[in-house]
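What follows draws every value from the coordinates through simple rules; no lab data is involved. Owing to the predicted nature of the structure, the values given are computational and were not obtained by experimental measurement. Cβ sites come from the backbone with ideal geometry, for glycine too, and all protein chains shown count toward neighbours.
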Amino acid sequence: ASATPSTVRGYSGGSKAPDGEYRKADGYGPAQNVPKPNAPEEGYREKSIEGIRKTMDAWVKWTNYGIQVGDFTESRKYISSDFTEELEGYKSFEDLYKRGGWIIDGIDNYVADGNPWSEDGETYFWKAYREWNYITLVEPTGEWHRDVNIQKDNDTWKFEFKYSDSSWKIVGCEQVDD
């Protein structure tokens, strides 16, 4: 159980972490010394099923990084400019951090359900199960909002990918039945 967020942004764990020591966010403050993900696996730009897998992997890692630090610059590279809902979510989270707030947890993992498929050779779809516990948005005033993943049977998503400008882009996703 995490502590109730304080009204003053401080340090997670109650103190400044030593250089290089990762501390996840908690009621005292945002995550500290969050390691940047490695560069995407070689071949993520390939117009292939493997390229889609590597793109999805890089997007998940960079989005989890963004959740912890309030910077989604790298995540945007994997998202189509047409996927406004996702891009607006990034901006909302970045604005929270700019106001002095932060996010506790919010980390996602996706487990693929089979392989990507296409009906027209242009747009590919991929079902994945989203594993997550909760996300808490902490405002600088100390007010907070938490979403908890209680219902585990509504976490399957269908992602839509298109290849453009020499790389795969996620152009949308929707919740689907298992």
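FRET efficiency for Glu139 and Asn33, Cβ-Cβ distance as r, R0 = 25 Å, nearest 0.05?
0.60
Roughly how many Å is it from the Cα centre of region 29-77 to that of region 101-135, as a whole number?
Taking the Cα centre of each part, region 29-77 and region 101-135 sit 13 Å apart.
Hey, can you grab everything whose amide H is under 5 Å from the amide H of Tyr110? Only 5+ residues off in sequence or another chain; H modelled, so Pro and N-termini drop out.
Close amide H contacts, sequence-distant or interchain: Glu131.
Note down the Stokes-Einstein diffusion coefficient of region 3-95 in µm²/s, whole number, using a Kirkwood radius over alpha carbon pairs, 4 °C, and 1.567 mPa s.
For the chosen part, D equals 87 µm²/s.
Lys/Arg Cβ at +1, Asp/Glu Cβ at -1, dipole of the chain taken about the Cα centre: which of Trp59, Asn33, Gly172 is farthest positive-ward?
Asn33
Hey, what did the chain get for relative contact order, percent, Cα under 8 Å, at least 6 apart?
Across the chain, relative contact order equals 20 percent.
Highest mean first, how do 32-41, 69-78 rank when packing is the count of other Cβ atoms within 10 Å averaged over residues?
In descending order of packing, they fall as 69-78, 32-41.
Extension gain Asp165-Trp132, at 0.36 nm per residue separation less the Cα-Cα distance, in nm?
So the chain would gain 8.7 nm between Asp165 and Trp132.
Between Lys77 and Glu122, with labels modelled 7 Å along Cα→Cβ, what's the label distance in nm to one decimal, could you check?
Label at Lys77, label at Glu122, 2.7 nm between them.
In degrees from 0 to 90, rounded to the nearest 10, what is the angle of the helix 84-98 Cα long axis to the longest principal axis of the chain?
Here the helix axis deviates by roughly 20 degrees.
Would you mind checking the tilt of helix 49-69 against the longest principal axis of the Cα atoms of the chain, expressed as 0 to 90 degrees and rounded to 10?
Approximately 10 degrees, to the nearest 10.
Multiplying the sequence separation of Leu87 and Glu42 by 0.36 nm and subtracting their Cα-Cα distance, what value in nm do you get?
13.7 nm
Find how much the distance from Val111 to Lys61 grows on full extension, using 0.36 nm per residue of separation minus their present alpha carbon separation; answer in nm with one decimal.
Extending this stretch completely gives an extra 16.7 nm.
For region 44-176, how big is Rg over Rh, using alpha carbon atoms and the Kirkwood form of Rh?
0.99
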